[in-house]
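Throughout, read-outs are computed from the coordinates displayed, never taken from laboratory work. No experiment lies behind these values; they were computed from the predicted model shown. With ideal geometry, Cβ positions are generated from the backbone for all residues, glycine too; neighbour counts draw on all protein chains shown.
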Amino acid sequence: MPGWDISPSGVGVVVSRVGDVMKVLDDIVQAYAGDVEAAATAAGTIAPGGASGEHKRQTGLVAAALAEFIEGTADELNFIGTRVGRSVNGAVDATVAYRDGDLEMAAEMQQRAAGLVMPDMPDGWKAGRL
């Protein structure tokens, strides 16, 4: 019987590694939001008097641009996890289907080699007489 073209255990290792990377990526995304907020706050304003007094709560042009950037890229950023999840699930599903198909073919080959009657063959026909 031919060997495997796909290693289910190898796919499992890769899927596990992708999961580890996704945990790190999630931490990075969470930190990203805080870092952008800090950058917007630190950017200050163009208002007279700088960032002291009542101007402390105002935001400037840089903060507004950062807010627009975040708003414009939020969907893509959020969809990264979805894309990765779908890719991983697809790889797992394909590997399971490959394994199941290979096991089914192996069982059929063993039945043929043993000369057993195949259920989908006409009465009296043996697998060896194909």
Just how far, in whole angstrom, is region 3-24 from region 31-46 if you go by their alpha carbon centroids? 38 Å
Under a Cβ-Cβ cut-off of 13 Å, what is the net charge of the residues other than Q110 that fall near it, where Lys and Arg count +1 and Asp and Glu count -1? -2
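For A33, what charge total do you get from the other residues with a beta carbon under 12 Å from its beta carbon, if Lys and Arg give +1 and Asp and Glu give -1?
In short, -4.
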